[in-house]
1. Relative to the longest principal axis of the chain, what angle (0 to 90°, nearest 10) does the C-alpha long axis of helix 31-41 take?
2. Kindly provide the helix-only [θ] at 222 nm of the chain, computed as the sum of -39,500 (n - 2.57) over DSSP H runs of four or more divided by all residues, to the nearest 500 deg cm²/dmol?
3. Taking the beta-carbon count within 10 Å as an exposure proxy, list 127, 88 from fewest neighbours to most.
4. If you filter region 106-191 for GluC sites (Glu not before Pro), then keep DSSP loop positions with at most 15 other Cβ within 10 Å, what is left?
5. Residue-wise, which Karplus ³J(HN,Hα) couplings in Hz belong to region 73-78, taking 6.51 cos²θ - 1.76 cosθ + 1.60, θ = phi - 60°, and x for glycine or proline?
6. Given that compact globular proteins tend to follow 2.2 N^0.38 Å, what is the ratio of the alpha-carbon Rg of region 1-159 to that value?
7. How would you rank 128, 171, 123, going from fewest to most other Cβ atoms within 10 Å of each one's own Cβ?
8. What percent of all Cα-Cα pairs in region 68-216 falls into each 5 Å bin, going from 0 up to the bin containing the maximum distance?
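What follows draws every value from the coordinates through simple rules; no lab data is involved. Computed from a predicted model, the values in this text were never measured in an experiment. Cβ coordinates were reconstructed from backbone atoms using ideal geometry, including for glycine residues, and neighbour counts include every protein chain displayed.
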Amino acid sequence: MNIIFMGPPGAGKGTQAQTIVDEFQIPHISTGDAFRLAIKEGTPLGVEAQKYMDQGLLVPDEITIGIVRDRLQLADCQKGFLLDGFPRTISQAEALDGIVESMGKQITHVINLNVDRGLLLARLTGRRVCKSCGATYHVMFNPPAAENVCDKCSGPLIQRSDDTEEKVGTRLDEYTNKTAPLLNYYEAKGTLRQVNGEQDIDVVGKQICSILRGQA
């Protein structure tokens with residue numbers, strides 16, 4: 001099975017991806033991981049990507065697509081893969097179709113995790129990080145014993161600059177404007193399945209596994 005995970009930031013894609021990896025023994029591939037591997041191994045595309053990243057620039061589509069193509073052709077993807085964070089645009093989705101078709105495969109499932117915007121804001125803005133040891137907490141879901149004090153080292157807890165409501169709202173808007181149109185693309189292909197990401201983590205995981213097994 002060749003799977004794409006979709007959903008806005010904070011929807012729980014990373015958490016559910018681990019469930020799929022454990023259950024079906026296929027690799028979880030994020031664009032960030034694919035970039036790091038290509039750069040570490042010094043591939044031609046990895047070298048090119050590093051040049052853009054060193055300048056703080058977005059890596060062009062053709063390089064991103066090439067890095068994903070190279071990653072999908074590795075041996076661990078023969079039985080399937082789970083893509084997370086790619087594709088982000090219709091043009092990337094069309095390029096991905098070409099890649100998998102050239103490999104004699106197809107995208108079998110596109111799972112979209114639906115979560116209300118208000119809950120996403122609560123999830124993403126509630127994160128707190130220890131300034132001393134880096135331990136992570138959440139004011140709602142995993143609060144420290146004492147407010148704003150790390151349980152492990154008693155260091156001060158801070159909110160990262162990219163976790164403010166303004167920054168999170170911008171990220172959610174960007175997702176809606178740029179990535180959400182992909183839902184129509186995959187719905188037209190008949191591969192899209194919607195999952196309520198607001199349910200308990202275990203319930204969401206079981207529902208996704210049932211879909212992948214053809215039981216739901």
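1. 70 degrees
2. Values: 9 runs with 99 residues, N = 216.
One gets -14000 deg cm²/dmol as the mean residue ellipticity at 222 nm.
3. Values: 127 20, 88 17.
Fewest-to-most Cβ neighbours within 10 Å comes out as 88, 127.
4. Numbers: sites: 147, 165, 166, 174, 187; in loops: 147.
Passing both the DSSP loop test and the Cβ count: 147.
5. Per-residue couplings from phi come out as 8, 6, 4, 6, 9, 4 Hz.
6. Values: Rg = 18.6 Å, N = 159, 2.2 N^0.38 = 15.1 Å.
Normalised by 2.2 N^0.38 Å, the Cα Rg of region 1-159 equals 1.23.
7. Details: 128 22, 171 15, 123 18.
Going from least to most buried by this count: 171, 123, 128.
8. Final binned percentages: 2, 8, 13, 15, 15, 15, 13, 10, 6, 3, 1, 0.
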